[in-house]
Every structure is written in C-alpha cells, then in structure tokens.
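First up is the structure itself, then whatever we jot down about it.
The values are calculated or read from the model by the stated rules, or taken from the named source; none is laboratory data. Computed from a predicted structure; not experimentally measured. Backbone-built Cβ (ideal geometry, glycine too); neighbour counts: all protein chains shown.
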There are 2 protein chains.
Amino acid sequence: MNGAESLVHTLLKSGVDTCFSNPGTSEMHFVAALDRVPGMRCVLGLFEGVVTGAADGYARMSGKPAATLLHCGPGLANGLANLHNARRAQTPIVNIVGDQATYHRPNDAPLTADTEGWARGASAWVRTASSSATVGADAAVAVQAARTHPGQIATLILPSDTSWDEGGAIADPVPVPPKPQSDPAQIRNAAEILRRGQPTLIVLGGEAVHAGALENAHRIAAATGARLIAQGANARISRGRGRVPVDRIPYVVDVAVKALAGTRHVILCGLRKPVTFFAYPGSKPTTPIPADADIHVLARTDQDAAAALAQLADELSAPRVAVPDPGPRPEPQRGPLTPDSVAATLSALMPEEAVITDEAVTFGRGFFPFTYTAPPHDWLNSTGGAIGCGPPLATGAAVGAPGRRVIALQADGSAMYTLQALWTQARERLDVTTVLLSNRKYQILLGELANVGANPGRTALDMLDLGNPDLDWTKLANGMGVEAARADSCEGFADLFVQANSRKGPFLIELMI
Amino acid sequence: MNGAESLVHTLLKSGVDTCFSNPGTSEMHFVAALDRVPGMRCVLGLFEGVVTGAADGYARMSGKPAATLLHCGPGLANGLANLHNARRAQTPIVNIVGDQATYHRPNDAPLTADTEGWARGASAWVRTASSSATVGADAAVAVQAARTHPGQIATLILPSDTSWDEGGAIADPVPVPPKPQSDPAQIRNAAEILRRGQPTLIVLGGEAVHAGALENAHRIAAATGARLIAQGANARISRGRGRVPVDRIPYVVDVAVKALAGTRHVILCGLRKPVTFFAYPGSKPTTPIPADADIHVLARTDQDAAAALAQLADELSAPRVAVPDPGPRPEPQRGPLTPDSVAATLSALMPEEAVITDEAVTFGRGFFPFTYTAPPHDWLNSTGGAIGCGPPLATGAAVGAPGRRVIALQADGSAMYTLQALWTQARERLDVTTVLLSNRKYQILLGELANVGANPGRTALDMLDLGNPDLDWTKLANGMGVEAARADSCEGFADLFVQANSRKGPFLIELMI
C-alpha cells in the first residue's frame, strides 16, 4: 500500500467520505488512490476557490468535515479566500495539499512555493507529511484537529513521494476531545446579571443560533426580559415558522449602534465581542456595543454555547414558552424588483426546508425580516467578508444536504470571483436555485465611498462599475451547462422561482435589479 | 493632502502610471485619490488573479512596473497565484494592498487576516505603512525595490487610516541600483570553456533571450560551435524572422534529457540551474543536465545577462554573423485541427509584431518550431506553473504594448481559473485574439497520471474530465462582452483568425480540438 492509499483509507475510517478537488501533477497518486479505494465521493471544481468554499458549505450542512484536494503552492493560494471565510465560520475542513517530492523541494522548481506559509494564515493546524509510513497517522490527526470544537481548518501538505512510496499504514481515528463546557461560574454570573432586570442583550453565535439552542435562549429572554440578537454573520442559523425569531447585528455601523443603544449588559454566547467590519474616519466606533455596557461571557467560541444556554435557562428556572406566531406569510409580489418585493416573494414561495446561502450583499441586507414567516429553513452567511463565497457555498451545501433545495442569494460582483462553481452544480446535478442580483455595480463600495467621506469622480465611479460591458449571466450560466433565465419584474421572478425549485438540478435566475 | 493622495503622486513621480485594480472598502481613499490626482490609468479586474496577472503582462511588455490595488487579506490571496508566476518571471510589480486601520487591527474584525504573511511568499519586499506622513516615502522605496534588477515584486500594505489621515508628503523617486555586471573572471572562464571545443550548451534566460542579446549569443555559438537553448519558460523571448532561432528546454523530462544528452559543459546566462518541473517515481532525474556535465555561470539571474553575452562575444573576438534564413513561411492549413496544423496556420497568418501569450499547455508544446518563419514577435510563457496566467497576461500585455496584436494561446482548463479577464479586455477594448484550445479535459494531467505510473479508473478520469457538461466558450465570452466564434477545422480557424486580428478589440476563437 502506498502513502496515498493509506491516506484515503484513513480519511474514510475517520469519517471523511467527501473530497472536493482540483488536483495537479503532484496529486496524481492521491487521484489514483481514489480509484483503488472505494467510498470517497469526489467532486471536481474548476478553480480552487470553488473547492474550498464548497467544503465550507458541505460541512455547515452535514456537520462533518470534507477533504479538499489542492495543488501545491499557488493552488492552495487560490483557495485561501474561502478558507478564510470557513475559518471565520468555524467550519471543519481537512485540506490535502500536494507538494514537490521531499528531495525535489531544495531544487526550487518553478512551481515551488512556501506552501506552509500560505496555509498557516487560514489553518489552525498545518503539517507536512515526511514519509509514506506516517502519512496515514498524519491524516488521522488532521481529522481530529478539524473536528475539534468549534471546528477548525487542518492542512496536511503531501510531498509527492510520501504519496507514491510504499509502506503506507492505515491509522485508526484519533478521539476528538469533548466540547469544553462553560464554567458554572459563567452560568451563575449570567443568571445574576439577568436577574437584575437591567437592559440586557444576549448576543448569539456559533451553535447558539441552531434551532434547539434558540429555544433555550427564548426561554431565558421570556423569563428575564433580555433581548436576543445574533451576530452579524452566522455560519448557519435556523429560521422560519416555528423557530425563535432573532435579528442580526446590522452591517452598517450607524444602524448597528442604534440597534444596540441603551444596552446596559451584553452577554456573549458562542462568539467574541462584536466589532465593526471596518474602521471609518472620524469618530465612528469600532464596536456597536455601547461604551458604557458591561460585557459578560456565557460561552466562549471554543465552549459549548448550546449547553450553556440550556444550563442558564435551568439556572433561571425559565419555563418553556411557545415561539410567537410571526403572522401571515406574504403573498408573491408584482411589479418592480425592490429589496422588499424580492424578499416578500422569496418568503412566499420558498420551499420547505430550504437552505439559503447569502452573498446578496447590499440588496439582500433587508431580507431577514420578511422570511420569519417562511417555512423552516437554514440561512448561511458569508462569515469572513472574503468575496466570492456564495456560489461555492451553495454548491457544497447542496452536496451536504441532499433532498433540500439550496437557494443562493447572490450579488453579481461577488459571483464573478467564483462563477466556476456553476459548472460543478451542473455536473453534479445539484438542486441549487441561484437568484443572481444583477445591479452591474459594486453597490457596497459606492456606499463605502460615501462612508469614508469621499466625493467620487469619473475614475472612482469607473472602478465601481460593472457595466460597460454588462455581464450577461444567462450566457455565463449556459456556458457552464446551467439553465438560466432573466426576470425584470416580481411576477417574472415568482414564475421562474417556482419552476426552478420544482426541477432537479441547478437553475440561475438573473434578476435585473 | 492625505496619505492616499501622497501615494498616488509618488507613484506617478516614480514612473508608475498604470494601476490594475480590484478595490474594496479599505481602499476607498486610494480610489478617491485616483480621481483627484490626474495621470494614473486605472484598469479594473473583476477578480484579483486578473489584476496581478495583468500587471505581470503589462511589465513584461512595457518594461516598467504597474501598480496593483488589492483588497486586504483574502483579496491579496486571490492574486497570489499570478504573483507567483510574476515572481518567477522576474517581473517588477508594486502591489498596494489595503488593510484594516492600524487601531482596528487588534480587534480582529471578520476580514482581518495575516496580510503580511500571505504577501511574503510572493514578494521580495513587504512593508506595512505606519502613518500618512511616511506612506509617500514607503511608495518610493517600493518602486525602487520593484525596479531593482532583474525585477521584483514589492508589496506595500496600506492600513486605511494611513490612507485617509492628512499629512501626506510626496516623495522623490529613489535611485535604482545599476544592474550588477558579471565579474570579468566569469567572462574569461566561459571563454576558456568555449575555446576547448568540447560539446557546450549555453542556456539563456531573462534578458539573454531578448533580440539584441540573442545576436551576441549567436556570434558566440557561430565562433565556437556551442549550442544555444533557452530555458523552459521565458518571461519574454524575441522570435520570428530575422531573430536568432533558439529552442527551449522541453517540459517533458525524458524529452529534455534527450535534448541535452552529450553535453560536456553547460554555461548559464541569466538563469539558475535548470531543474524539472516535478519529480517522478523511480529513477527519473530532477534536472535535464547530464550528471557528468560541468556547470559554469556566465551571469547569475541578478546580473546583467545581455551585457555578459556582449562581453563574452568580444572576449572571443566573435564576428557578427547573419541570422540564418528559417526557410519559407508555412501556408495556412486545411482540415483537422492538430497541434502541427494549428501551429502552421498561426505562423502563416500571425500579424507583424504580434505578442503571443502562451498558456497552451499540452496542445501548444510543439508550436515553437513552426513559428521561426513568422514575422517578428514576442512570446510570453507561463513562468511559474501556476494555472490561470494566460487570460490576465494577455490583458496586461495589450495594455503594455498598444498598437500590437496580442494572441493568447490558451488551454481551456487553465482559462477557467481567470476567465474574468475577458471582461476587462472588452471594457478596455484591448486588441487580444484568444485562441481557446477546447479539448474539454486536463490533458496534461492525463499525461502526468501516466508518468507517475498510475493506471486510471473511473474516479481518476472523472477528476481530469472537463466534459459533462461541456464548457461553451463562445457563451462564456459573450457573457462578458467579448465576441466569439467556434472553429472545428483549420480553414475555419484561419478565417476567424484573420478577421479577429484585423478588428479593434478582443475576439475569442474556440478551437474544438
């Protein structure tokens, strides 16, 4: 058995049975091993950012890590942006990155690069395999690292001779440490704060926004009068009818500050202290939390946030309470495509148990309030701000949640970074409906330009303009084997949306907003 | 004057007047400064790999660095693969990379990443600006670093407050050190080796493959009987009728070994010792140079290779000799699209002073011999092996060589990594003819799979197959505003090629090979 075979066997034995891949020469033995060792589902991406973003979406839905297979150096580099997003989402991923043979590395061949150096900025765990005899054991530890709560990125670099040499040994899974629990003092402290009855905000992140944890958060809020809010970007939040409704901390600083004003105590559960995405000139704060608010930590990001909420609810003897009725579901809208009309139509027609991937950026910021009445669904945000997470995230989510419809809310500028994901959706016949919000500009940057107080002229506006020429998303989708159509009204959108969601395989709706 | 304005002024004063950009929020003040300070040509790319690859192509043709404008962390990461290629090409580039404000960095906002860490693997020079007062001076040193022979990548990281704060000061250009010359002992040693009359190969890289240097190399070869060969991948090699014909060291190891067999002495001029792209199992060597050959260095990569050839020719009193007639130019071919028929047709119809960007991979490996008889042209290779250099390289070359037709020889799998470059070609109305070699598979990897001795099965073949669904490159090009058409015969190719080259602006020919 060669090293590559021992690696594939070990991954499977450790429960990693899906591999998003974009291989190169140095990975050929791993590819060959995938033939000889049955059981690994391989999904090809035509760009590494597709591969890493899909691994993120897969794990967010399946709850377990996928492997990626990436080419040495620059191949990994192409995947870093979406690994950054995955790192911020606390997504478990096991990257397998090929590299030059151990003895060829010192020759600094043209494709040689500092693979470890590039991996480190996006990984919690990095190791370079040193021989075929130990690569199986390396892989088992990589999976352990990835699965360690709350989920981490592990990168195993695989010099090609550690892959092709004989002497590979399959390793047993390495036990994953249990989730660290909040200290009882953290629970008691939060309870004490809440009992004071002062304006208190419980900010929820990580697993604290999954359905069961939200119910306990709701008990606490109902018993104490505390407000609940989710962090700005969530890896996966349970939403829709029957789920506890929570808003997110708004992206725009002034709006966020207003939303949190008057808060006396902030209790963090499963996240770090919220800060703004960017700093701005002048006196704008870098956190939306009022300067005079006290911050308390119920559960750190590495602690079991869901368990902490359950314990806190019990500590407070908070009774179970029904989730409030969110009111009637909106009707599909007619007329112009506005953020509100699109959101209402989406909510009206979204299928049961949909998975929403959200890289809708400016146009989609207000979609949340409209969808409380939709059927139960999961909502996946871009978590790290790296552009181009949407199409791959949708692709991976569809692989990780078979039988559920994925609805990709997607800004056009962002989609251009990873449009190759559409091809993978077509090849794998994934049930993804992409709602492509085509405004033909970097709208967010026009807002940011105003935020920094700049008065844009021709050159600046040109840098933020995606027109001249306009992108034609139906052609781009068709060119990659995905059927597509345009809508320029809400009724047109509604028709296409219903059709798209009732078919097998992907479809792209270009909304001319 | 704020920091951003001082930066733009300083870049212009240092001779950097073209900026390939894909800005984000943290770069808004730089964008605004581009409005207020006239003179900088800004070219927008819709993905950072387009931006960095275009900067590479631009400098290869114009001989001077462009600036890039990249978004913090993951934005830079998306550009690393083509920076890797540029680094291997010894291309001067000045990257301007935005980042969080100095005082917001410690807050570790979602988009915060190890920008310096990622920059280092692709840059010879990295600095983070610390204040608006010094960012002008930082920029002047960055340009100096980029222009230092043989050309380097300099990355200046720009925390947003160093951009928006007042107090910016324009800096004068910093003198660039002269090109280091070869030591007279290097020249004399090479002459002595050549006078022995033993089988000697002069391997040329860097500026040694530019037209004037090649003429001196030809003098030396004619006077001594030495053979000339270029390194495998060249940033820019002067070719065509009237230029000294030199082949390249072949990519395939066995072919390269055969090509260099029998060599007693190897004289390196403007490159390091050639090594194979990859190692392979078994006894395949990692250099094509015979084990018993002696290696001599006429000019290191940091030395003036062109001057060394001139001095060596004089040292040998080698007379000027005419460039041999390469024979008649081929006729345009008819019938099936084969590597030879496409190459002959290309040579027959290539316009004067064309610029060839070559990411043709397997199909294009044999194009060189057919094009010695074509009109004078420059040929730009992928130098670092990072996939996806072609479309951006063509884009930047067209910006850097106005009035000359760029012909992008482009494999389909590779084109998918950076297809967004087509949009920039359309927007800037660049004279680029893309010859898209559509074989719908990773042909190079099928070869590599055979090379490593693996016998591919269904899973492996699926990982190397770009069919199912087939990519439609005419639709992809049209979707980005580039006109396109298909050819499935040589006569069809010839017709489209002539039409494409005679029009203004870009055109894509999808060759169904």
If a residue has to be touching a Lys or Arg at 6+ places or on another chain (Cβ under 6 Å) and more than 29 Å from residue B:196 (Cα to Cα) to count, how many in the stretch B:219-252 make the cut?
-> 2
Could you give every pair whose Cβ atoms fall below 7 Å, whose first residue belongs to the stretch A:315-338 and is among the basic types (Lys, Arg), and whose second residue is crowded, with 17+ Cβ neighbours inside 10 Å, counting only separations of at least 6 or pairs across chains?
-> A:320/A:219; A:329/A:347; A:329/A:348; A:329/A:373; A:329/A:374; A:334/A:490
Only unsatisfied item for residue B:509, checking (1) within 11 Å of another protein chain (Cβ to nearest Cβ); (2) surrounded by 24 or more Cβ atoms within 10 Å (Cβ to Cβ), is (1)
From the residues in the stretch B:164-186 that are surrounded by 17 or more Cβ atoms within 10 Å (Cβ to Cβ) and in contact with a strand residue (DSSP E or B) (Cβ under 7 Å, 6 or more places away or on another chain), which one is farthest from residue B:101 (Cα to Cα)?
-> B:186
Just checking, how many residues over the stretch B:201-223 are outside any helix (DSSP H, G or I) and closer than 16 Å to residue B:149 by Cα?
-> 2
The stretch A:93-102, residues that are within 10 Å of chain B (Cβ to nearest Cβ) and either more than 24 Å from residue A:20 (Cβ to Cβ) or hydrophobic (A, V, I, L, M, F, W, C) (or both) = A:101, A:102
With the stretch A:103-200 as the region, which helices (runs of 4 or more DSSP H) entirely inside it contain at least 2 residues that are away from chain B (no Cβ under 14 Å) and closer than 27 Å to residue A:315 by Cβ?
-> A:184-195
Tell me which of these residue A:279 doesn't satisfy, since it passes every other one: (1) out of contact with any strand residue (DSSP E or B) (no Cβ under 7 Å at 6 or more places or on another chain); (2) more than 18 Å from residue A:381 (Cα to Cα); (3) surrounded by fewer than 22 Cβ atoms within 10 Å (Cβ to Cβ).
-> (3)
Taking only pairs six or more apart or across chains, which ones have beta-carbon atoms under 7 Å, a first residue in the stretch B:424-444 that is farther than 23 Å from residue B:363 by Cα and more than 11 Å from chain A (Cβ to nearest Cβ), and a second residue that is of a type in the set (S, T, N, Q) and in a helix (DSSP H, G or I)?
-> B:430/B:395
Quick check: is even one residue across the stretch A:26-39 closer than 16 Å to residue B:444 by Cα, assigned by TED's automatic domain parsing to the domain that holds residue A:148 and under 21 Å from the mean Cα position of the chain (by Cα)?
-> no
Among the listed residues B:338, B:395, B:383, B:357, which satisfies the condition of being crowded, with 20+ Cβ neighbours inside 10 Å and out of contact with any Gly (no Cβ under 8 Å at 6 or more places or on another chain)?
-> B:383
So, of the residues in the stretch B:281-299 that are under 26 Å from the mean Cα position of the chain (by Cα) and either within 21 Å of residue B:225 (Cα to Cα) or touching a residue at least 12 places away in the same chain (Cβ under 8 Å) (or both), which turns out to be nearest to the other protein chains (Cβ to nearest Cβ)?
-> B:287
Look at the stretch B:393-414 and say how many of its residues are under 13 Å from the mean Cα position of the chain (by Cα) and within 13 Å of another protein chain (Cβ to nearest Cβ).
-> 0
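Output the residues belonging to the stretch A:368-391 that are within 13 Å of chain B (Cβ to nearest Cβ) and in a helix (DSSP H, G or I).
Within the stretch A:368-391, A:391 is the sole residue that qualifies.
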Since residue A:247 meets every condition but one in (1) farther than 27 Å from residue B:99 by Cα; (2) over 25 Å from the mean Cα position of the chain (by Cα), which condition does it not meet?
-> (2)
Is the stretch B:86-99 home to any residue that is touching a Ser or Thr at 6+ places or on another chain (Cβ under 9 Å) and without any contact (Cβ under 8 Å) to a residue 60 or more places away in the chain?
-> no
All-but-one check, residue A:459 against (1) under 23 Å from residue B:416 (Cα atoms); (2) within 11 Å of chain B (Cβ to nearest Cβ); (3) of a type in the set (Ser, Thr, Tyr), failing number (1)
Unique residue being within 30 Å of residue A:293 (Cβ to Cβ) and touching a helix residue (DSSP H, G or I) at 6+ places or on another chain (Cβ under 9 Å) when the list is A:181, A:152 = A:181
Looking at this structure, is residue B:90 more than 10 Å from chain A (Cβ to nearest Cβ), buried (at least 19 other Cβ atoms within 10 Å of the Cβ), under 15 Å from the mean Cα position of the chain (by Cα) and closer than 21 Å to residue B:12 by Cα?
-> no
